[in-house]
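J.: Would you mind keeping the following structure in view while I ask a few things?
The values are calculated or read from the model by the stated rules, or taken from the named source; none is laboratory data. Remember, it's a predicted structure, so these values are computed and weren't measured experimentally. Neighbour counts are summed over all protein chains in view; Cβ atoms, including those assigned to glycine, are modelled from backbone coordinates with ideal geometry. In case anyone asks, the SASA skips ligands and DNA or RNA and just uses the protein heavy atoms, side chains included. Shrake-Rupley method; radii C 1.70, N 1.55, O 1.52, S 1.80 Å.
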Amino acid sequence: AITEILEAMGPRKYEKCLEVDELASFLREYRKTEGFTRNELKELHAAFDREKRGTSGLRTIDIGHVLRWFGYTKTVQQVQNLVAWIDFDGSGELESNEFLKLMRKMHQDEARQRRETFDSLHNEQTGEIAVSSLPSAMIMLEGVEPPQEFVVQALRLVASELPERTAEQKAADALVSPSRSEGPIIKSLGAGGVKGAAARLAARVRNRDDSDIQVEGVAKPSDNDKNLPKFLDREGFEAWYHHYRKLVVREIQQNAGYSKMEVENFRQTFNCYDTDGGGTLEKKELVNMLTEYFPDATRTKEGQLEIQAALAAVSRDGNDELDFAEFLQLMRKCDDMRDEADLKLEWAVVQECNMINEEVEGFRQIFSQRVDWKGELTMDTLVDLLTNVVEISPENTAELEAMVREIHPQGRDVARFPQFLQLVRRLTQDNYLRVNDLAARAVRQHQKKSSKQA
């Protein structure tokens, strides 16, 4: 983006610096584009236009779709948190300029996490990260083991962009252990130190077949992968991540906007209900799965009709069976329907309980930290949350369960975010188990401890 803006500004008085007026002009353009290139802006605007409703901006559900399209797999509560942070006019929707600021934040947060990950894994003496550490890096960044084929394919693309390494450079690489905990280990250098050892090893490196080296956590290179780098500096790591990220985003787009971890969870669910192992869910198996995964929707006539419409939309051959790809599309439609219902109910609860935005967002953060992959808090989790503040006896647990069932529209002993808000308000209004007094005391103790540390 910087290069494009400078080129668009035309001839400048000085080649390597900007005058005050030129700097002001540059900053205006940079703020306007949020630092995105023309191609990036074109793609972002296309996604915005595809999801927006008429002439209005993006609602929470729409923003979730766009974020997932670009590889950011956020829950509806996480998206709500982002909307509250970036929605300057308080409309509940994001206009085009607000959307660009949101995407800039996502890019900046991702870049910061990459820098922190590289800093935690790189060798401080060489300034490089071993290729064998790439799976660990991605677990730190994404919480899931990366596909080996993606790691290797991204490495191939990086290697194709690098200048051919000399035999002496390869020899120097061979002298450094990839283990960060041990640091760079110089192995019996002999006369001449590193340069001398590199020269002596050069002939061996020239004739060595690198395909016999198995990198831990990475697929075994083929005969065409002899020049894959074994170490990456910060710039190389950024280049590798850029290629890897493109592969991941493409996969997320093909999987109805679900991340690798989410797909793995759905695959387990799919296999559990695919009792005959045929690779499809037949009508009876599908009904059983939907009843467990979307119990609220399947208990109402309106919900059943919505699910039937979703089934008809995703079934490519119009039969009563779904393969896994169709199953993922159905899950996306059902998740969207449930999220939209949650958002409507949340709005009604906030109005009824007369909650302010700061309260809601604070409770949202607590909820998001403990929620399961279905978007629910189980009774065990709710009890665990409360035991951080009060002591709960078996009798209290039974009372709490009855309260949760009473709040839930279908009488279940779980809480989605709207029910969680209702439960919190009831507990605090009734000062249940002196929760207000004990919570206030816990806050005072935390503040006192923080002041001492300061």
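J.: Per residue, how large is the accessible surface of segment 288-405? Use a 1.4 angstrom probe and give square angstrom. Spell out each step's value before the answer.
T.: Working: 6450 Å² over 118 residues.
For segment 288-405, the per-residue accessible area is 55 Å².
J.: Tell me the per residue accessible area of segment 44-101 using a 1.4 Å probe; a whole number in Å² is fine.
T.: Normalised by residue count, the accessible surface of segment 44-101 is 43 Å².
J.: So how do 330-340, 399-409 stack up, highest first, on mean other-Cβ count within 10 Å? Write out the running numbers ahead of the final one.
T.: Values: 330-340: 19.5, 399-409: 16.0.
Put in order of decreasing packing, that is 330-340, 399-409.
J.: Give the peptides 153-159, 365-371 in descending order of average Cβ contacts within 10 Å, highest first.
T.: Descending packing order for the listed peptides: 153-159, 365-371.
J.: Go through K16/K42; K16/K105; K52/K344 and tell me which ones have a Cα-Cα distance over 20 Å in this structure.
T.: Long pairs (Cα-Cα over 20 Å): K16/K42; K16/K105.
J.: Moving on to the next point. What does the net charge come to around E93 if you take all other residues with beta carbon closer than 13 Å to its beta carbon, with K and R at +1 and D and E at -1?
T.: Values: positive: K52, R53, R59; negative: E51, D62, D87, D89, E95, E98.
Residues near E93 contribute -3 overall.
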